[in-house]
1. When region 38-64 is examined, which residues are found to be closer than 30 Å to PRO6 by Cβ, of a type outside the set (Phe, Trp, Tyr) and surrounded by 10 or more Cβ atoms within 10 Å (Cβ to Cβ)?
2. Could you tell me whether region 55-75 includes any residue that is in contact (Cβ under 8 Å) with a residue 24 or more places away in the chain and within 24 Å of the chain's Cα centre (by Cα)?
3. Any residue in region 21-31 that is exposed (fewer than 11 other Cβ atoms within 10 Å of the Cβ) and either at pLDDT 90 or above or among the hydrophobic types (A, V, I, L, M, F, W, C) (or both)?
Amino acid sequence: MIQIRPVSDLRNKFTDIEKEVQNGEPIFLTKNGYGAMVVLSMEAYARLSAPEEFVMDVADAAAESTTERLTHDEVFGSLRSKINAR
């Protein structure tokens, strides 16, 4: 079930919010009736950002294994030519 709470609950009821996010569900916080932020557990955030972190780790490993560096134009020019060749 979606949890929507006023942002003041973050200050006034932090322990309650902390317990709720440990179940893996986000809590949406509002300020003056409008969405302000989302609170997630560290584990839930890690699940959301894991694919991006993995890709960055692979890119870092590839960069460490070679001294070759490409410019923006070289990379995107190569991609454009591959896409246009289809």
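The values are calculated or read from the model by the stated rules, or taken from the named source; none is laboratory data. Everything numeric here is computed off the predicted structure, so don't read it as measured data. Quick reminder, even Gly has a Cβ in these numbers, built from the backbone with ideal geometry, and neighbours come from all protein chains shown.
1. Hits for region 38-64 are VAL38, VAL39, LEU40, SER41, GLU43, ALA44, ALA46, ARG47, LEU48, SER49.
2. Looking through region 55-75, none of the residues is in contact (Cβ under 8 Å) with a residue 24 or more places away in the chain and within 24 Å of the chain's Cα centre (by Cα).
3. There is no residue in region 21-31 that is exposed (fewer than 11 other Cβ atoms within 10 Å of the Cβ) and either at pLDDT 90 or above or among the hydrophobic types (A, V, I, L, M, F, W, C) (or both).
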